[in-house]
Each structure stands twice: as structure tokens, then as C-alpha cells.
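Contents: one structure, followed by commentary.
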Amino acid sequence: MIATQFAEMLNELLEEDREAVTALIEQRVDCNDGFADHPHVTVLKAGTTCQVGMLGLINGLIRKVDGPSATLVVACYDMGDLNHITKFDTIQPKETWVPGVKPIQDDEPPASD
């Protein structure tokens with residue numbers, strides 16, 4: 001899986017220079033609505049501001065290659081220090097990710113037309 005390869009590489013880099021990798025992963029840049037609406041990239045939307053980071057791009061590449069239900073890369077943090085990435089790992093999302101569609105929660109009935 002491509003996500004596993006990304007996680008392994010990020011972990012290798014984390015061992016070499018934890019501060020640099022953490023700074024790159026934590027960096028977010030503003031982006032416009034067109035970028036935010038890209039079908040693969042993960043973007044943080046807060047009010048009228050949209051921001052993207054390195055993991056959002058990496059996971060977008062993974063979704064582009066492996067499809068919307070792809071295994072994704074996550075950063076794992078030290079709970080005592082949320083500025084300290086301990087490792088990178090992979091997760092399999094519970095739902096298939098569909099751009100622009102809010103997943104239905106287990107306790108939420110489907111919307112009727």
C-alpha cells in the first residue's frame with residue numbers, strides 16, 4: 001500500500017530530524033475555495049478560511065492512487081506534548097470518503113427528499 005510506504009518514509013525522516021519533520025507537518029497555508037474543493041486533498045475549513053498542510057496533500061495523493069476508501073497516513077502525538085510527533089502510522093477510515101458529502105452518523109437518520 002502506498003500509505004504504508006509514505007508512513008515508513010516519514011518515520012525514517014522523523015528519526016533523522018524530528019524538529020524539521022514536525023515543523024513541516026504542522027505548517028498550514030491558506031488556500032482558496034477552488035483548492036479546498038479538490039476531490040482528493042484534505043483541507044481544514046474554519047469559517048471562511050481554508051488551510052492545507054503536508055499530510056492533506058500526501059493523503060490526497062494516496063486517494064488519487066488508491067481510491068476514496070484508501071488507507072491514510074496519520075501523525076501520532078505524545079499526549080503530554082501535542083507539539084511532539086512520536087510516529088506516523090496508517091488508518092483505514094470507517095466510511096468511504098466522498099468529497100463534499102457529510103457522512104451519516106449511526107444515530108442520525110438518512111435525509112429524506
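Here are a few things to note about the model shown:
- Restricting region 48-87 to residues that are of a type in the set (S, T, N, Q) and part of a loop (DSSP other than H, G, I, E, B) leaves a set whose member that is modelled with the highest pLDDT is THR71.
- Within region 1-48, the set of residues being exposed (fewer than 14 other Cβ atoms within 10 Å of the Cβ), in contact (Cβ under 8 Å) with a residue 60 or more places away in the chain and either of a type in the set (A, V, I, L, M, F, W, C) or in contact with a Cys (Cβ under 6 Å, 6 or more places away or on another chain) (or both) comprises MET1 only.
- Residues being out of contact with any helix residue (DSSP H, G or I) (no Cβ under 9 Å at 6 or more places or on another chain) and not in a strand (DSSP E or B) are represented in region 40-47 by at least one member.
The values are calculated or read from the model by the stated rules, or taken from the named source; none is laboratory data. Fair warning: this is a prediction, and the values are worked out from it, not measured in the lab. Backbone-built Cβ (ideal geometry, glycine too); neighbour counts: all protein chains shown.
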